[in-house]
Amino acid sequence: IDFDLILENVKYLNMLAGEGISQIEHTPRGARLRQAEPLPLTLYQNGIVMCHGAFRPYQDPSTQQCLQDIMDGYFPSELQPLYPDGI
């Protein structure tokens, strides 16, 4: 696992997702600025935790696929059901 590449690509993917950019959210009384909710990813020596989920060891195939997607420069494919229209 190339942690440097993961960190570099996470920064890039955050930029693509609009990190720090506010969007207008219409409310009954007008509008307000809203930032997108972050999806936390915590890297540990022996695994990851993503989106406040369960700990996932690096040996788990789904963890390996998630990290491979990030190392390839893509958002993890496992997020597609949550975000079918993309970011």
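Scanning region 51-80 for residues that are free of Cβ contacts under 8 Å to residues at least 40 places away in the same chain and assigned to a helix (DSSP H, G or I) returns Pro61, Ser62, Thr63, Gln64, Gln65, Cys66, Gln68, Asp69, Ser77, Glu78.
Among what's in region 30-50 and is in a loop (DSSP other than H, G, I, E, B) and at pLDDT below 90, pick the residue that is surrounded by the fewest Cβ atoms within 10 Å (Cβ to Cβ). So that I can check it myself, show each step before the final result.
Of region 30-50, the ones in a loop (DSSP other than H, G, I, E, B) are 36-40, 44-46.
Right, trim to at pLDDT below 90 and you get 36-39.
On the way: Ala36: 14, Glu37: 6, Pro38: 10, Leu39: 17.
Going through the qualifying residues, I end up with Glu37.
Of all residues in region 51-69, those satisfying the criterion of being surrounded by 12 or more Cβ atoms within 10 Å (Cβ to Cβ) and out of contact with any Asp or Glu (no Cβ under 7 Å at 6 or more places or on another chain) are Cys51, Phe55, Arg56, Tyr58, Asp60, Thr63, Gln64, Gln65, Leu67, Gln68, Asp69. Restricting region 11-24 to residues that are in contact (Cβ under 8 Å) with a residue 60 or more places away in the chain and open to solvent by 60 Å² or more (accessible area, probe 1.4 Å), the residue that is farthest from Leu79 (Cα to Cα) is Tyr12.
Please determine whether any residue of region 70-83 is exposed (fewer than 12 other Cβ atoms within 10 Å of the Cβ), small (Gly, Ala, Ser) and over 11 Å from the mean Cα position of the chain (by Cα). Looking through region 70-83, none of the residues is exposed (fewer than 12 other Cβ atoms within 10 Å of the Cβ), small (Gly, Ala, Ser) and over 11 Å from the mean Cα position of the chain (by Cα). The single condition from (1) loosely packed, with under 10 Cβ neighbours inside 10 Å; (2) in contact (Cβ under 8 Å) with a residue 24 or more places away in the chain that Thr27 fails is (2).
The values are calculated or read from the model by the stated rules, or taken from the named source; none is laboratory data. On a predicted model such as this, the values are computed, not experimentally measured, just so you know. Methodologically, a virtual Cβ is constructed for each residue, glycine included, from the backbone with ideal geometry; neighbour enumeration extends over all protein chains shown. Note: accessible area is taken over every heavy atom of the protein model, side chains too, but ligands, DNA and RNA are not part of it. Shrake-Rupley method; radii C 1.70, N 1.55, O 1.52, S 1.80 Å.
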